[in-house]
């Protein structure tokens, strides 16, 4: 098997979106246990911004991106779980998805059902599996729970709100504008608060009649952390799973006791899908909800792969709604 040439988005230094460059690269044949995948759609996530900015710094140069969908075009030795021509999707802890073709371990792939499009697959793997583990395994949401979601109209937030609504929770969403509030309501939020306009803690207290939230899912980080803690009932749980506004400052454990013996966790998707069996089980649950129409995947923005820098700018300035995808076929 011969090496092939492919195009990729690469950054050689950490910084703003301008460090993302379009480069030609040579791709070696897939190693044992790997496949060569031709990407059809690539998911864009805040974790890509963290990688680019240096918050999650690793050796450079680096190709960003953690999730994508595509077609298997070549097999390395020993691969028996997928075949050439099969539609698959993946999410992984290592970056490298912003490219036309890549080699990837077959064990990290899941097969896409016919009812799930490539764009949906690319937008679902990180965000949808994040929603799965947050709602089903980090804090198992039950009917009647008061759930507070930050960034409720965003990629993960839109899936969380729909899924939590389907579980019978009383869903409160926080968004950045009235336009996004309308979207959040359509996606299952029973009450929506606008950041910067509404007093979040007071609004939660009013809606819950003083009971406060059973769980808060906070992907914003530094700017919202204390409000999230103060929105919880005694023995409630704050799930801090993102840093869109920057890392959360250090907090003394005593602060949790002062607010009613609160629980605080900072989970990572990759600890919940470390085993292939866990990945398969989570993906089956997610795909079943999408096929049933219980959870709808909203692709709000589509960009050519070459336009990755603009996709990052839009994400960082909160100009996106739902999921964003990069399309390699539109790059030429």
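Computed from the coordinates by the stated procedures, all read-outs in this text should not be read as laboratory data. As the structure is a computational prediction, the values presented were derived from the model and not from experiment. Methodologically, a virtual Cβ is constructed for each residue, glycine included, from the backbone with ideal geometry; neighbour enumeration extends over all protein chains shown.
Points to keep in mind about this one:
- Its residue count N fixes a reference of 2.2 N^0.38 Å for segment 69-188, and the Cα radius of gyration divided by that reference is 1.28.
- Two-site label geometry, residue 257 and residue 294: point separation in nm, points 7 Å out along Cα→Cβ: 4.1
- With the helix formula -39500 (n - 2.57) applied to DSSP H stretches of n ≥ 4, the chain reaches a computed 222 nm mean residue ellipticity of -8000 deg cm²/dmol.
- Segment residue 31..residue 1, full-extension length gain: 9.8 nm, with 0.36 nm per residue of separation and the alpha-carbon distance subtracted.
- Annotation: for a label point projected 7 angstrom from Cα along Cα→Cβ of residue 14, residues of segment 40-61 with backbone N closer than 17 Å are 46-61.
- A simple spin-label model places the labels of residue 177 and residue 136 3.4 nm from each other, with each point 7 Å out along Cα-to-Cβ.
- The alpha carbons of segment 143-266 give a radius of gyration and a Dmax of 13.2, 39 Å, in that order.
- Across segment 1-143, the mean sequence separation of Cα contacts (distance under 8 Å, 6 or more residues apart), normalised by length, yields a relative contact order of 26 percent.
- The mean sequence separation of alpha-carbon pairs under 8 Å and at least six residues apart, normalised by the residue count of segment 206-279, gives a relative contact order of 30 percent.
- Spatial offset of segment 178-240 relative to segment 3-61 amounts to 35 Å, using the alpha carbon center of each.
- Model label sites at residue 22 and residue 302, defined 7 Å from Cα along the beta-carbon direction, differ in position by 1.8 nm.
- Antiparallel DSSP beta bridges within the chain, percent to nearest 5: 55
- Normalised contact order of the chain, rounded percent, pairs of Cα under 8 Å and 6 or more residues apart: 17
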